[in-house]
1. What residue, of A:Arg84, A:Arg116, is among the basic types (Lys, Arg) and under 14 Å from B:Gly249 (Cα atoms)?
2. Take A:Ala253 and decide whether it is without any contact (Cβ under 8 Å) to a residue 40 or more places away in the chain, crowded, with 20+ Cβ neighbours inside 10 Å and more than 30 Å from A:Asn100 (Cα to Cα).
3. Given the structure, is B:Met95 at pLDDT below 95, under 30 Å from B:Ala295 (Cα atoms), surrounded by fewer than 18 Cβ atoms within 10 Å (Cβ to Cβ) and of a type in the set (A, V, I, L, M, F, W, C)?
4. Out of curiosity, is B:Leu304 in a loop (DSSP other than H, G, I, E, B) and either within 30 Å of A:Gln93 (Cβ to Cβ) or in contact with a strand residue (DSSP E or B) (Cβ under 6 Å, 6 or more places away or on another chain) (or both)?
5. Here's a check for you: in the stretch B:243-267, which residue that is under 22 Å from the mean Cα position of the chain (by Cα) and of a type in the set (Lys, Arg) is farthest from B:Thr287 (Cα to Cα)?
6. Can you spot a residue in the stretch B:306-317 that is under 22 Å from B:Ala69 (Cβ atoms), surrounded by fewer than 18 Cβ atoms within 10 Å (Cβ to Cβ) and more than 15 Å from the chain's Cα centre (by Cα)?
7. Just to verify a result, which residue in the stretch A:97-122, among those that are surrounded by fewer than 21 Cβ atoms within 10 Å (Cβ to Cβ) and hydrophobic (A, V, I, L, M, F, W, C), is nearest to A:Ser168 (Cα to Cα)?
8. B:Asn241 fails exactly one of the following numbered conditions: (1) touching a helix residue (DSSP H, G or I) at 6+ places or on another chain (Cβ under 8 Å); (2) within 13 Å of chain A (Cβ to nearest Cβ). What is the number of that condition?
Amino acid sequence: MVGSEATRQPVLQLTGIGKEFGAIRALHGVDMQVSPGEVVGLMGDNGAGKSTLVKIIAGNFRPSHGEIRFAGSAVQFSRPVDARAIGIEVVYQDLALADNLTAAANVFLGRELKRRFGPLALLDHKAMAARALELFGELRSETRPDDLVKQMSGGQRQAVAIARTRLSNARLVMMDEPTAAISVRQVEQVLGLIHRLKEQGVAVMLISHRMPDVFAVCDRVIVMRRGEKRADKPIHETSPEEVTALITGAKEAA
Amino acid sequence: MAMPMESPISFTNIGKAKWWQRGIFASQTGYVLIALAVLLVIMHFASPYFFTEGNMQNVAKNFSFIAIATLGVTFVIITGGIDLSVGSMMCFSAMITSMVMTELSTPGSYGASLFVHMAADGKTVLANVPGLILLVSVAAGLGVALIAGLVNGFCIAVLGLSPFVTTLGMLSIVRGLGYVVSNGRGSFPGGPDADYFYALTSGDVLGLPVPFIYLVVLALAMAVVLHHTSFGRHVFALGGNEKAAELTGIPVVRVKIEVYVICALAAGLQGIIISGWLGSAPANMATSYELNVIAAAVIGGANLAGGIGGPLGAIVGCVLLEVIRNGLVLAQVSSYWQQTLVGVIIILAVLVDRVRSRMI
């Protein structure tokens, strides 16, 4: 399985990515690649450079050095919308949901489906609800498109945020701490959602502090420390103990 | 990925909210509407004059005088902002409209020759094109509102100033400008088009006051915009979670500027209509109306924290305020009690909403 993935073209390829904020070097010489249908865990302590790396890939920051290649071609983003346009979606830690809107409205936020009535373009509520229901079905989440997000459980909210990434047939989904603030049963649901994405050939980057989750779903784990990549290993060649040692610095690199 | 038409999901754990826990029944607007109905019944028994045609027309006219501005401010409140400059804006727009109208109708003054000429008797002023003066002067009144709205929106959305402070400043700026251009004197809509002006602002059509008709049309338009266009969706999203709105690619700056412009235009239109009813635009017109307007919006269910509100709520709030005012007069209660009671109702309406959302 690893062999067949290696022969495919990586969906995301970073070479020598570095980022400085004034005198602070947040990232230095990061190389990595992610293949279609691969789930990569990105781990590291606070301040290790995970968020900076994710923000660079998502188009929030421009890298100071290095090159990003997406599906083979070099890309540069000036805004997050640019990254989204070519198929990079981010599920933010706080999920970026508007509580006062329905699930379907949130899924389609900023990308509403419309029907033209003469000079007016009115929202196509039916089509959006139907498509949202379809997406929740694919994710096997019991979520009604017409329910308000403020009445939903943590797992349902995750499903709404993830369904949003499925709208545009994203090829890379980055998830920032999706399991940080939810219950055990809901963690199971979210990990299930990640499996669904993988089945559909989507590359997933999981940014997480929770070791069991990373070992449950990831094919590969990347460990960051002090702005550098310290390890990049298939999950079955490493162990939670080794990853912990790499994160804390007890072990320099692997 | 073809899915069967029936639901692809079985909802074993997720129940459906009961009908009375959804939509309008679960909203503050819903039970303020019920409170209003109860109040109307009480009024009917308390005063035989309440449900007479004349009094109803009066009530309809009076609440229409703040309701259009309330629709505008509701847009702003839904995005989580506030606009305190509506009262001053009403006055300034009305003033500019009547001043432009008078100026253009005075032969010999700047630009007037394009619009009016003297009749053969040398006394009567006749319009070159009937209605043109009215059109230009109303456009001028709304034009200044547009500019003030753009400045509000620019300061809030682009410069990132707080809506409260920006519009508090604008309240003072616009009121001050009103005194500057008028030298503190009121102005009167005059000239050959004044009759049209009065007909269009304080006339009746089939027994309905004209302002009420404008209100209904604008409220329906607002309902469509809020619930059936992506602009409306974005207005709600902005109030619900501004950061999410930005991350999902909503043009946050543009939407914010647009809501402040809509609010200023609504206030301007409202002011022009009020001046038609008053027959003049005094420099102290609509002073502190912003408080009535915001109170009406809040009583009707608009949430100052953002994300909730609508045209029905705005109107219900205005009607409730007006019925109470009217009722106190009919019941011969000292009108000084009115403000106190309005304050109590604002707090009660919000309190009931608080209690209800705790119960669910």
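1. A:Arg84
2. Working: without any contact (Cβ under 8 Å) to a residue 40 or more places away in the chain: yes; crowded, with 20+ Cβ neighbours inside 10 Å: no; more than 30 Å from A:Asn100 (Cα to Cα): yes.
No, not satisfied.
3. The answer is no for B:Met95.
4. Details: in a loop (DSSP other than H, G, I, E, B): yes; either within 30 Å of A:Gln93 (Cβ to Cβ) or in contact with a strand residue (DSSP E or B) (Cβ under 6 Å, 6 or more places away or on another chain) (or both): yes.
In short, yes.
5. Among those that are under 22 Å from the mean Cα position of the chain (by Cα) and of a type in the set (Lys, Arg), it is B:Arg254.
6. No; the residues of the stretch B:306-317 include none that is under 22 Å from B:Ala69 (Cβ atoms), surrounded by fewer than 18 Cβ atoms within 10 Å (Cβ to Cβ) and more than 15 Å from the chain's Cα centre (by Cα).
7. A:Leu113
8. Result: B:Asn241 passes all but (1).
The values are calculated or read from the model by the stated rules, or taken from the named source; none is laboratory data. Quantities reported herein were computed from a predicted structural model and do not represent experimental measurements. Heads up, the Cβs are rebuilt from the backbone with ideal geometry, glycines too, and the neighbour counts pull from every protein chain shown.
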